[in-house]
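To start, the structure itself, in structure tokens.
The values are calculated or read from the model by the stated rules, or taken from the named source; none is laboratory data. Remember, it's a predicted structure, so these values are computed and weren't measured experimentally. Quick reminder, even Gly has a Cβ in these numbers, built from the backbone with ideal geometry, and neighbours come from all protein chains shown. Note: areas computed on protein heavy atoms with side chains; ligands, DNA, RNA excluded. Shrake-Rupley method; radii C 1.70, N 1.55, O 1.52, S 1.80 Å.
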Amino acid sequence: MIIERSMHPGWLSNTWLVADKPGGKAVLIDTGGPMEPLLESIEQLKLEPEQVLCTHHHYDHVENNQAWKDRYGCPICGHASEETLFGSLDRRLEDGDEIRVGDLFIRALHIPGHTLGQLAFLIDEEAVFTGDTLFRGSIGGTRAPGHTTFEDIRHSILDVLMRLPRDTRVYPGHMETTTIGREWEENPFIRYWRGEDTPRQRRVLAFDRPATLLLEAEDYDGGTKCQVRFEDDQALDIVPGSRVVTVDRD
């Protein structure tokens, strides 16, 4: 398997080019990264891109969908529940759908939370492309457009992604790669959910609502990501640290 990456310098969003072999077939996973580095790889390796696979509809992951389709005739594939958010899809995917591209065997995994139709793509049972659900050392938030719930993203991570073999390589929607085993052992959110760590709680305002900060951890962009519990309805949420203000330091 050949895997090449292009990353947007501002959004830090990845476009992944995955091919079965030199001179073979390929897919593109998300299209927010610059096209030029991957076009060079396609030419050098004599690849034939056949599909654009979308983890979700956010602009920093789909900016170049139409450009890739126009150049190579690649159908745009995404979860059916987000079709109107994409504008349109050429192929609507559901959980467990299987795609063959050359010698690549691809399985779609529905992992909602960050968005309703968030997908991961497991390729050859070796590599999983997790979009904005799981990052190296962090996770996706449940406040972005089209989000669902904390319960969804926790289920998607613990009960879907973390059940993959520990040596499965993880290629996230932003920044650097990791493995399932590394995230199981080191990701602060997963360790907290597993009961391995118990951070000190404190009172905060999150999105201007009184809340309890349960966990704060470094995010992929150098900021922080937080798990909070709101006081009014006891709802749990994953929010950016920039929207959390401490009100009680005792």
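Identify the GluC sites (Glu not before Pro) of region 182-233 meeting these criteria: DSSP loop state and at most 12 other C-beta atoms within 10 Å of the C-beta.
Details: sites: GLU183, GLU185, GLU186, GLU196, GLU216, GLU218, GLU231; in loops: GLU196, GLU231.
Passing both the DSSP loop test and the Cβ count: GLU196.
Size of the dipole of the chain about the Cα centre, Lys and Arg at +1 and Asp and Glu at -1 on the beta carbon, nothing else charged, in debye to 20?
In total the dipole reaches around 300 debye.
Just to verify a number: what accessible area does HIS114 come out at with the full protein assembly present, 1.4 Å probe, Å² rounded to tens?
20
Accessible area of region 201-247 with a 1.4 Å probe: how many percent of it is carbon plus sulfur?
44
Write out the trypsin sites (Lys or Arg not before Pro) in region 1-50 meeting two conditions: DSSP loop, and at most 15 other Cβ atoms within 10 Å of their Cβ.
Of the trypsin sites (Lys or Arg not before Pro), the ones in loops of region 1-50 whose Cβ has at most 15 other Cβ atoms within 10 Å are LYS46.
Would you be so kind as to identify which of GLY33, THR168, GLY181 lies farthest towards the positive end of the dipole of the chain, taking Lys and Arg as +1 and Asp and Glu as -1 on Cβ and the Cα centre as origin?
GLY181
With unit charges on the beta carbon (Lys/Arg positive, Asp/Glu negative), name the residue among ALA211, PRO240, CYS226 whose Cα is farthest towards the positive pole of the charge dipole of region 195-250.
The residue sitting most towards the positive pole is ALA211.
Out of these labelled values of P(r) over Cα pairs in 10 Å bins from 0, in percent, [x] 8, 32, 34, 18, 7, 1, 0; [y] 6, 24, 28, 22, 12, 5, 1, 0, 0; [z] 6, 22, 23, 18, 15, 11, 4, 0, which was calculated from the coordinates shown here?
Looking at P(r) over Cα pairs in 10 Å bins from 0, in percent for this model, the match is [x].
How far apart, in nm, are the 7 Å Cα→Cβ label points at THR246 and ASP159?
According to this spin-label approximation, the distance is 3.5 nm.
Quantify, in whole percent, the carbon and sulfur part of the accessible surface of region 1-159 (1.4 Å probe; protein heavy atoms only). Don't skip to the answer; put the middle values down first.
Values: 2830 of 6220 Å².
Answer for region 1-159 is 46 percent, counting heavy atoms of protein chains only.
What does the charge count near ILE238 come to, summing +1 for each Lys or Arg and -1 for each Asp or Glu among other residues with Cβ under 10 Å from its Cβ?
It works out to a net charge of +2.
I need the GluC sites (Glu not before Pro) found in region 76-138, filtered to DSSP loop residues with at most 16 other beta carbons within 10 Å of theirs.
Numbers: sites: GLU82, GLU83, GLU94, GLU98, GLU125, GLU126; in loops: GLU94, GLU125, GLU126.
Counting only loop positions with at most 16 other Cβ atoms within 10 Å, the GluC sites (Glu not before Pro) in region 76-138 are GLU94, GLU125, GLU126.
Taking LYS21 as the anchor, which lysines have their alpha carbon closer than 28 Å to its alpha carbon, excluding any fewer than eight residues away along the same chain?
Result set, ordered by chain and number: LYS46, LYS69.
Across region 69-74, in residue order, what do the Karplus-derived ³J(HN,Hα) couplings come to in whole Hz, using 6.51 cos²θ - 1.76 cosθ + 1.60 with θ = phi - 60° and x for Gly and Pro?
5, 5, 6, 10, x, 6
Accessible area per residue of the chain at 1.4 Å probe, in Å²?
Result: 44 Å² of accessible area for each residue.
Distance from the Cα centre of region 174-195 to that of region 36-104, in angstrom?
Between the Cα centre of region 174-195 and that of region 36-104, the gap is 27 Å.
In sequence order, what are the phi-derived ³J(HN,Hα) couplings for region 27-33 according to the Karplus relation 6.51 cos²θ - 1.76 cosθ + 1.60 with θ = phi - 60°, rounded to whole Hz, with x for glycine and proline?
10, 10, 10, 6, 9, x, x
Per residue of region 7-18, what does 6.51 cos²θ - 1.76 cosθ + 1.60 with θ = phi - 60° give for ³J(HN,Hα)? Whole Hz please, x for Gly and Pro, Karplus curve as stated.
10, 5, x, x, 6, 6, 8, 9, 10, 10, 9, 10
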